[in-house]
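Structure record follows, encoded as structure tokens.
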Amino acid sequence: MPFHWLVRRELTRLEDPRYLRAHGVVIASPGAIEAHSESIGRYADREIWRTLTFKGMVYRFERVVPAGDRELIGAGELYLEPGLVYVAV
């Protein structure tokens, strides 16, 4: 029973935008994005959007990082494969 409770608690946390903003987000598939603005360029065959929305939070494009550095994102950041980093606005 305790393991089940821990899993449910973590899943509940992942639904809370404040929790995600505090810990950073890694998104492997652009299908998880709710909305995005106009394209401002391309990187590794992926559109770079000026802003995007994930779980009701708006992020703006900040920088490109190597794919292996996705674990280094910080609070308020969102990493989108293949290396695009957005920051919460």
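For Tyr43, the residues whose amide H sits under 5 Å from its own are Ile48, ignoring neighbours fewer than 5 places away on the same chain, with H placed 1.01 Å from N.
Fully extending the segment from Lys55 to Ser29 would add 7.9 nm, taking 0.36 nm per residue of separation and subtracting the current Cα-Cα distance.
The label point for Leu72 and the one for Trp5, both projected 7 Å from the Cα toward the Cβ, are 3.9 nm apart. The structure-derived value of Rg and Dmax of the Cα atoms in Å appears in the list (i) 14.0, 49; (ii) 14.3, 45; (iii) 15.7, 48 under the label (i). Put simply, the amide H of Lys55, placed in the peptide plane, has neighbours under 5 Å in Glu34, leaving out anything fewer than 5 places away on its chain.
Annotation: the residues Val85, Val65, sorted from fewest to most other C-beta atoms within 10 Å of their own C-beta, follow the order Val65, Val85. The GNM of the chain, with springs linking C-alpha atoms under 10 angstrom apart, assigns the highest mean-square fluctuation among Ile33, Ile48, Ile73 to Ile33. Neighbours of Ala32, meaning other residues whose beta-carbon lies under 12 angstrom from its beta-carbon, give a summed charge of -1 when Lys and Arg score +1 and Asp and Glu score -1.
Throughout, read-outs are computed from the coordinates displayed, never taken from laboratory work. Note that the structure is a prediction, hence the values are computed from the model and not measured. Neighbour counts run over all protein chains shown; Cβ positions are idealised from the backbone, glycine included.
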